[in-house]
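Any read-out appearing in this document is the output of simple, stated calculations on the displayed coordinates, not a laboratory observation. The model shown is predicted, which means the values in this text are computed figures rather than measured ones. Here the Cβ positions follow ideal geometry from the backbone for every residue, glycine too, while neighbour counts run over all protein chains shown.
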Amino acid sequence: MVEAGLELLGFSTFDRMASKIRTEVNASICAGIHDRMSAAQRAGLMRLLEDRNSDGATLFNRLKKPAKGSAWSYFKNLTERLEWLDELDDTDVWMEGVAAGKVTDFAGEVEAADASELRDFVPVKRIALVAALTHKARMRVRDDLAMMFCKRVATKIKKAKGELEEIRLAEREIVESLIGNYRTVLKHIHEGGPAQEALTKTAAMTAEVRQALDGLDEEASVDEVATRLKGRVLPAVLAVVKAQVVQAGGFGAVTRAVKGFGGFAKQYEQIEKVSAHHDNFWEVLLYGQIGRDRAVMFDLADNDKLKFTAISEDSRVLDALAHAQRHQAARGGYITAFNEEGKEVDISFATQNWRKAVLDKTRIGQFVRKHFEAMVFTALAEELRTGDVAVVGSEEYADRSEKLLAWEVVQATLGSYLVEVGLAEAGESAEFDAKFFRRQLEDKLRNAAAAADAGYPENDGLIIDPEAGVPSLKVFRADGQRPSARRLEQEIKARMPERSLMGIVARTAYWVKWWRRFGPPSGNEPKLTDPLGRYVIVSFVKGTNMDPYEAARHIPGVSGHELSYVPNKHFSIQLLNEAIADLVNAHARLDISRAWGNETTVAADGTHMDTYLDNLLSETSVRYGKPGGIAYHHVSDTYIALFTHFIPCGVWEAVYIIEGLLKNTSEVQPTTVHADTQGQSFPVFALAHLLGFDLMPRIRNWKDLTFYRPSKQTEYVHIDALFGEPGKNVIDFDLIESQFRHLMRVAVSVREGTISSSTLLKRLRSGSRKNATYSAFREVGRVIRTVQLLRYLSDAPLRRRVTAATNKVESFKRFSQWVGFGNRGVIADNDPIEQEKEMKFNALLTNAVIFHNALDIAEIVQQLLEEGWEIDPEDLAHISPYLTEHINRFGEYSTHELGIQPDAYDPKLDVDFTPLRAQDLTAAGLDQAA
């Protein structure tokens, strides 16, 4: 309309038009879902709203229940849930042609409602929404089962490695035991022992028979044998039999000795443990840890539960799984190494240790059954994590290639995309192909290395030992706060008006109107008497992490039920993101924010959050050593949080660094992102580059990282030691060129939202041996990381900016935890969606405080200017809006009871406590007698 020179309509008019169009589109989609279902299928879904479980809840509630932890006690319930959901019918047919995002929206809308509310919907919409939720539930339960399997296998591997460590500690005792056992066996076999005595007696008893038969042909007739023995065949046979009995008795002594040590199996087990210790051979210990989980693992791998598919032509792991399943009922120690077609099962995917455990040189053509099964389960879990094996019908573990845009679609928009993300200039996009991309990366690496080499003599911060080649950076000592800045800060803090958290939330709600984002999922006006007031109170209670019923005791006019109901029904993750963006946009319009940054930079980092270990998202953190999850924040250089989400402890934080940038819907769109060591990996560097982000983390262990050369022949005068041995650590630009189309497909697909960046990066792991996507991203990532490391080492001001940015996000984490003081910081809800919402509420409240503090600071600065102060912008840049001294977090306590004099208290109670004293005396007497 602007381009046409037309006057813009009012916002409310546009809003009504968008709402009308959205209603018409959604109604059309709902009708399509309804019509693709049979009458029986529709009736089956409607029964979910009526039929009830033994606990009185409708079956509809069962659709919404999240998975619990990875213990196998929960697995049975989850498999039963899968069977129940699949019995509802094939939801893929119902959702055919419906965009994945729309299915998610429909499912989210119905998930926030209960059965009674759904009965108010028109039948077509009601059926379509329940169908969407059923479809998402079927996908989610498959994801949960796959995740449970992977976590369970990882737990077993951890225990096997722990057992190996225990063996190391107990090795002396086991070795001494084995040596003692071996000495006893030798004594039985050695001269004078039972076995040798038996052999001597056997030889003597059969000597006459052997002498008579000496020289007799093997094919001699019975008559000839009888003649040789002079007709004494029966006594000769008896002599031989007696000799065999004596011999067996001798060896029986050895056998009895071994049985006395616990049996042959026990001896072999101890030998395997000692062998495992010496070879770091935890693989042979894994089956012992799997134990009773074996049957459940096989049950999970059954096609009736989860259907696995290889995403490439390499199906070796799935073929091995099928072979293990065919021999699941076997109870012997060995199974055949050949499949149904008589071909040897290919286990070349396994490590050398696994092949050593599975193959027995004395049993050619056979596998050691228990180790073969453990190997297959381990390989399957790893390929699920890397994405080399997908789960049909899932979402998180789906075949990612099916989510990528076709090359023809990407090619049509590639030119504009490349210009938008800064990979090409407007005139270059037409000639941007595989060779152009290769040259661009080569030039980028060569130029960065040449600049670092040429600037080394003047680089006072970087020192490379001329003999050892070890690099080091001089420690930067900050100058400290200028006196004028310190004076300004003290004056601002002294003048900051006293505020309460509730008051801050209320005022920002009036100013920014972020509360208007919330409402029931139907889109209708909220049926609340005072929506602004209710939404402000809810945001305060949830943002501080207070228990709703405890909060209701201190807030007049609101009930605990209301404080639980409203956030569940009127607040969604998407709406919370929109409200957070409103505060970010308002903050960006403040002049004071320009003192802190130019909005082009963001820092990302996570902080540990305590939770209960009763869902698949929560687990014990390796980094923090405690159970829970991670609140991962993207904080702008202007101090405000652009995006926050809740992620599992067991996932490398870097995989979420790009997701937050893409999901940030505010007007502040930074292009440079800083992080700590957890915020980087080869694939993350590559994807950031392809999406137009400049990833520049603070890497503490940079000395241990490899720098990569553009070619084998490339050498440098001053910094060559950084790249290791000459001719080594060379980028494979041929691989990058060959994978150009796939790299572009992935980047554009992520940008368009057809595949999540976090889902993609979680699958791009170094463990994948056959993942071409990982190989290509690894090589691009090597280029970009080397370039960024060279920049970091060469540019001292850059290092200071990176440190300042990461320090800023550290301060934000402390500030947000100060705001979320309730329940000792523990997230009490076990639903992963609700846990995510908890983080959003906290970010909303924290941003409201930051925005309000910025306004108060700006007002005080204005007062100082009017009073004649000269304020240097550099001094103002040192004033953080993370101020807390003036904020009353807990509100005001009533003092009206101070003037009320209570009645005198009565210490007397008409209860006879004599029997209790008698019991105490009896118990004391018994203790003395003992």
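The spread of Cα positions in the range 767-867, taken along each principal axis and listed from longest to shortest, comes to 63, 45, 19 Å.
Note on M139, M496: ascending count of other Cβ atoms within 10 Å places them as M496, M139, the fewest first.
The residues neighbouring E838, those whose beta-carbon lies less than 9 Å from its own, together hold a net charge of 0 under the Lys/Arg +1, Asp/Glu -1 convention. Local charge for F812 was computed over the other residues whose Cβ lies under 14 Å away, with Lys and Arg +1 and Asp and Glu -1, and equals -1.
Taking other C-beta atoms within 10 Å as the exposure proxy, M46, M297 rank M46, M297 from fewest upward. Spin-label pair E80-T309: with each label point 7 Å from Cα along the Cα-Cβ axis, the two points sit 3.1 nm from one another.
A full extension of the chain between N353 and D460 corresponds to an added length of 33.7 nm, given 0.36 nm per residue minus the alpha carbon distance.
Other residues lying with their Cβ under 14 Å from the Cβ of K156 contribute a combined charge of +3, Lys and Arg counting +1, Asp and Glu -1. Across the range 643-752, Cα pairs under 8 Å and at least six residues apart give a relative contact order of 20 percent. Rounded to the nearest 0.05, the FRET efficiency derived from the C-beta distance between D906 and E50 at R0 = 51 Å is 0.35. Ranking P471, W511, S484 by Cα position along the charge dipole of the range 437-571, where only Lys, Arg, Asp and Glu carry charges on their C-beta atoms, puts W511 farthest toward the positive end.
In the structure displayed, which of K125/K513; K513/K762; K156/K663; K64/K307; K20/K527; K161/K728 lie more than 28 Å apart, Cα to Cα? With Cα atoms farther than 28 Å apart: K125/K513; K513/K762; K156/K663; K161/K728. Normalised by 2.2 N^0.38 Å, with N the number of residues, the alpha-carbon radius of gyration of the range 14-148 equals 1.10. Taking label positions 7 Å along the Cα-Cβ direction at both S472 and A804, the computed distance is 2.8 nm, reported to one decimal.
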